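Q: Shown below is the structure under consideration.
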Amino acid sequence: MLSKITGEVELLERHLSVMCVVARQGPIGIMKLTEELGQPQHRIRYSLRILEQMQYIKATPSGAVATPKAFEMLANFDQDLEKLITRLASLHQEK
(Lines give C-alpha, C1' and ligand atoms only; values in the text may rest on other atoms or scores of the structure.)
Protein backbone atom coordinates (compact mmCIF):
# COMPACT_ATOMS: atom_id res chain seq x y z
CA MET A 1 0.00 0.00 0.00
CA LEU A 2 2.80 2.44 0.85
CA SER A 3 4.50 1.87 -2.51
CA LYS A 4 1.25 2.86 -4.24
CA ILE A 5 1.02 6.00 -2.10
CA THR A 6 4.66 6.79 -2.87
CA GLY A 7 3.93 6.51 -6.59
CA GLU A 8 0.93 8.79 -6.25
CA VAL A 9 2.99 11.36 -4.33
CA GLU A 10 5.60 11.29 -7.11
CA LEU A 11 2.88 11.83 -9.70
CA LEU A 12 1.45 14.69 -7.67
CA GLU A 13 4.93 16.18 -7.39
CA ARG A 14 5.30 16.11 -11.18
CA HIS A 15 1.88 17.70 -11.71
CA LEU A 16 2.79 20.43 -9.23
CA SER A 17 6.15 21.02 -10.92
CA VAL A 18 4.46 21.37 -14.30
CA MET A 19 1.89 23.76 -12.89
CA CYS A 20 4.55 25.90 -11.21
CA VAL A 21 6.54 26.25 -14.43
CA VAL A 22 3.39 27.05 -16.41
CA ALA A 23 2.39 29.67 -13.81
CA ARG A 24 5.88 31.21 -13.87
CA GLN A 25 6.66 31.05 -17.59
CA GLY A 26 3.36 30.58 -19.44
CA PRO A 27 2.39 30.48 -22.13
CA ILE A 28 4.76 27.57 -22.53
CA GLY A 29 4.81 24.61 -24.89
CA ILE A 30 5.40 20.97 -24.18
CA MET A 31 8.92 20.97 -25.64
CA LYS A 32 10.06 23.80 -23.36
CA LEU A 33 8.38 22.11 -20.35
CA THR A 34 10.14 18.84 -21.16
CA GLU A 35 13.47 20.65 -21.36
CA GLU A 36 12.81 22.70 -18.22
CA LEU A 37 11.75 19.75 -16.05
CA GLY A 38 13.97 17.02 -17.51
CA GLN A 39 11.01 14.66 -17.83
CA PRO A 40 9.96 12.56 -20.84
CA GLN A 41 7.47 14.23 -23.14
CA HIS A 42 4.75 11.62 -22.52
CA ARG A 43 4.83 12.33 -18.77
CA ILE A 44 4.61 16.09 -19.28
CA ARG A 45 1.74 15.59 -21.73
CA TYR A 46 -0.12 13.46 -19.17
CA SER A 47 0.40 16.07 -16.44
CA LEU A 48 -0.83 18.81 -18.76
CA ARG A 49 -3.96 16.79 -19.57
CA ILE A 50 -4.72 16.16 -15.88
CA LEU A 51 -4.08 19.80 -14.94
CA GLU A 52 -6.34 20.95 -17.76
CA GLN A 53 -9.11 18.57 -16.63
CA MET A 54 -8.78 19.98 -13.12
CA GLN A 55 -8.93 23.51 -14.58
CA TYR A 56 -5.51 24.55 -13.26
CA ILE A 57 -4.17 25.25 -16.74
CA LYS A 58 -5.65 26.16 -20.08
CA ALA A 59 -4.31 25.29 -23.53
CA THR A 60 -3.79 28.21 -25.89
CA PRO A 61 -2.25 28.39 -29.38
CA SER A 62 0.91 29.80 -27.71
CA GLY A 63 1.12 27.05 -25.09
CA ALA A 64 -0.25 26.27 -21.65
CA VAL A 65 -1.22 29.09 -19.29
CA ALA A 66 -2.18 28.95 -15.63
CA THR A 67 -5.74 29.78 -14.61
CA PRO A 68 -6.81 31.85 -11.62
CA LYS A 69 -7.58 28.54 -9.88
CA ALA A 70 -3.89 27.56 -10.22
CA PHE A 71 -2.66 30.84 -8.79
CA GLU A 72 -5.09 30.49 -5.87
CA MET A 73 -3.93 26.93 -5.16
CA LEU A 74 -0.28 27.98 -5.28
CA ALA A 75 -0.95 30.93 -2.96
CA ASN A 76 -2.52 28.58 -0.38
CA PHE A 77 -0.11 25.69 -0.93
CA ASP A 78 2.07 26.13 2.17
CA GLN A 79 -0.92 26.40 4.49
CA ASP A 80 -2.67 23.41 2.91
CA LEU A 81 0.54 21.36 3.06
CA GLU A 82 0.92 22.12 6.78
CA LYS A 83 -2.63 20.82 7.36
CA LEU A 84 -1.81 17.64 5.48
CA ILE A 85 1.40 17.15 7.45
CA THR A 86 -0.56 17.53 10.69
CA ARG A 87 -3.10 14.93 9.54
CA LEU A 88 -0.35 12.49 8.55
CA ALA A 89 1.42 12.97 11.88
CA SER A 90 -1.87 12.23 13.62
CA LEU A 91 -2.26 9.02 11.62
CA HIS A 92 1.29 8.06 12.53
CA GLN A 93 0.58 8.52 16.25
CA GLU A 94 -2.65 6.50 16.07
CA LYS A 95 -0.99 3.38 14.67
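The values are calculated or read from the model by the stated rules, or taken from the named source; none is laboratory data. Computed from a predicted model, the values in this text were never measured in an experiment. So basically every Cβ, Gly included, is an ideal-geometry build from the backbone, and we count neighbours across all protein chains shown.
Q: Does the range 35-44 contain at least one residue that is assigned to a loop (DSSP other than H, G, I, E, B) and more than 19 Å from L11 (Cα to Cα)? Steps first, answer last, please.
A: Let us first name the residues in the range 35-44 that are assigned to a loop (DSSP other than H, G, I, E, B), namely 38-40.
Keeping just the survivors that are more than 19 Å from L11 (Cα to Cα) gives none.
No, the range 35-44 contains no residue that is assigned to a loop (DSSP other than H, G, I, E, B) and more than 19 Å from L11 (Cα to Cα).
Q: Say whether the condition of being in a loop (DSSP other than H, G, I, E, B), at pLDDT 95 or above and not acidic (D, E) is met by at least one residue in the range 4-27. Full working, then the answer.
A: Let us first name the residues in the range 4-27 that are in a loop (DSSP other than H, G, I, E, B), namely 26-27.
Restricting the remaining residues to those that are at pLDDT 95 or above gives 27.
Remaining after also requiring not acidic (D, E): 27.
Looking through the range 4-27, at least one residue is in a loop (DSSP other than H, G, I, E, B), at pLDDT 95 or above and not acidic (D, E).
Residue-wise test of (1) surrounded by 12 or more Cβ atoms within 10 Å (Cβ to Cβ); (2) of a type in the set (S, T, N, Q); (3) in contact (Cβ under 8 Å) with a residue 40 or more places away in the chain.
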position: P27; (1), (2), (3): yes, no, no
position: G38; (1), (2), (3): no, no, no
position: A59; (1), (2), (3): yes, no, no
position: S62; (1), (2), (3): no, yes, no
position: P68; (1), (2), (3): no, no, no
position: Q79; (1), (2), (3): no, yes, no
position: A89; (1), (2), (3): no, no, no
position: Q93; (1), (2), (3): no, yes, no
